[in-house]
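Pasting a structure below so you can have a look.
The values are calculated or read from the model by the stated rules, or taken from the named source; none is laboratory data. Please read all numbers here as calculations on a predicted model, not as lab measurements. Note that each Cβ is placed from the backbone with ideal geometry, even for glycine, and that neighbours are counted across all protein chains shown.
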Amino acid sequence: MNSPDFWWLNNGVTILATSAAITGKSIQASDIQIVNGLQTTESIFRHFEQEPDTIDDRCVLVKVIVTKDEAIRDAIIRATNNQTDVELASLHATDKIQRDIEDVLLRHGLFYERRKNFYANQGHPPAELVTPLYAAAGYVALMLKKPHFAASLKSKFMRSTDTYEAVFNGAVPLDVWPRIVQLLKKVDIELEILRPQGKATDGFLKGWRYVTAFLVLAQHFRKYTYSASDLATLDVSLITPKAIEQVWRQLNTQESASARMGGWTSRNNVLAACEKAAITFGITGVKALSSISQPSCRTPLRSVITGEFVERVRALLPPQPWKPGINKKICAELRCETSAYFAAVEMLIEDGVFLSQRDGVLYDPEGNVVAFDTERVDPDTLELLTNKT
């Protein structure tokens, strides 16, 4: 052949391995991972598979890097893939938070596929596998308390820095992740038993798992205002199949109406279910779920903001109850987005600095009314007065 050596025209192949040894003209390596040149490797394989008797002595450049350090391996993967146009979402697998989640799930017998099919190719059954989207949707449903948003969550949310870091931000104890996944898996098993005939498994589970898991968790804690530390120390074994079935039966009383109005991807349907469950199961704090009634699809789940910004918002906020328009004044003062302001206020409420406020009424963490704006709210009905905003 008169063509130049193949490696002159190609970037070559980069292989990661945990060990490697040269024996004659062969290299024996363990835990091989091709991080660059996979298409080249497959093309060469297919060429010789179709023409096994072909003799070709052209060369291809192969770089074998031996290291057992996961952090170094991930840095190599990121650096190698950054040489070409790769979506940011494809590079999140090397983030520290992703490695941390993988580690904490491994300690609980769960295998986190931060690198697609890494554990599936090792033969682990689907019941033990966890995708980033599955875990993220669970976090949205159970930690951010937005099961309606979780039911429609798609992988494209990882393309946005704001929405990605709202979920994978490292601000909560790592132990919430195995509890989230264990609860979702438990709910999935029971829902599969309860699934009506004719309903497709995947669509049915995605539509029902998050609202069911959220209400089961709230029923267990007897409050909607459970915290990250509550979830991180949850003994999932205490949540029984019977408890899951009870919630399922409760939700089914609303199924026909919910199906006509968008099912459990509708925030109004979820809020109505929460209010009904509060009465049935004695769950407190339903009125504190004001975030469920907010149009989450229009803004990021939580803006990525600093502690300094939160403190600046706190300093500008007057005593409660706040008057309408205070958000516009503070946003103008700080020259910030409305979403950043509301995220800061939400964090201040979670920290106990302020109380949850809706339509001029203040609620404590248990959902009890503690005060109201006497200029705007009727003291008997706690409804807004006519012509007052």
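Please specify each residue of the stretch 34-66 satisfying the condition of being within 43 Å of the chain's Cα centre (by Cα) and of a type in the set (D, E, K, R).
42, 46, 49, 63
Going by what's in this entry, would residue 181 be described as assigned to a helix (DSSP H, G or I), β-branched (Val, Ile, Thr) and closer than 18 Å to residue 225 by Cα? Please lay out each step first, then the result.
Details: assigned to a helix (DSSP H, G or I): yes; β-branched (Val, Ile, Thr): yes; closer than 18 Å to residue 225 by Cα: no.
No, not satisfied.
Considering only residues that are of a type in the set (A, V, I, L, M) and within 17 Å of residue 189 (Cβ to Cβ), look in the stretch 115-134 and name the one that is surrounded by the most Cβ atoms within 10 Å (Cβ to Cβ).
Per the stated criteria, the residue is 130.
Could you check, for the stretch 345-365, whether at least one of its residues is among the acidic types (Asp, Glu), over 29 Å from residue 282 (Cβ atoms) and either in contact with a strand residue (DSSP E or B) (Cβ under 6 Å, 6 or more places away or on another chain) or in the same structural domain as residue 318 (by TED's automatic domain parsing) (or both)? Give the derivation first.
Of all residues in the stretch 345-365, those among the acidic types (Asp, Glu) come to 346, 350-351, 359, 364.
Narrowing the set further to residues that are over 29 Å from residue 282 (Cβ atoms) leaves none.
For the stretch 345-365, residues among the acidic types (Asp, Glu), over 29 Å from residue 282 (Cβ atoms) and either in contact with a strand residue (DSSP E or B) (Cβ under 6 Å, 6 or more places away or on another chain) or in the same structural domain as residue 318 (by TED's automatic domain parsing) (or both): absent.
Could you please let me know if residue 41 is free of Cβ contacts under 8 Å to residues at least 40 places away in the same chain, surrounded by 10 or more Cβ atoms within 10 Å (Cβ to Cβ) and among the polar types (S, T, N, Q)?
Judged against the criteria, residue 41 is a match.
So, one more: Just to be sure before I move on: is residue 141 in the same structural domain as residue 252 (by TED's automatic domain parsing), among the small types (Gly, Ala, Ser) and either surrounded by fewer than 16 Cβ atoms within 10 Å (Cβ to Cβ) or outside any helix (DSSP H, G or I) (or both) in the structure I sent?
no
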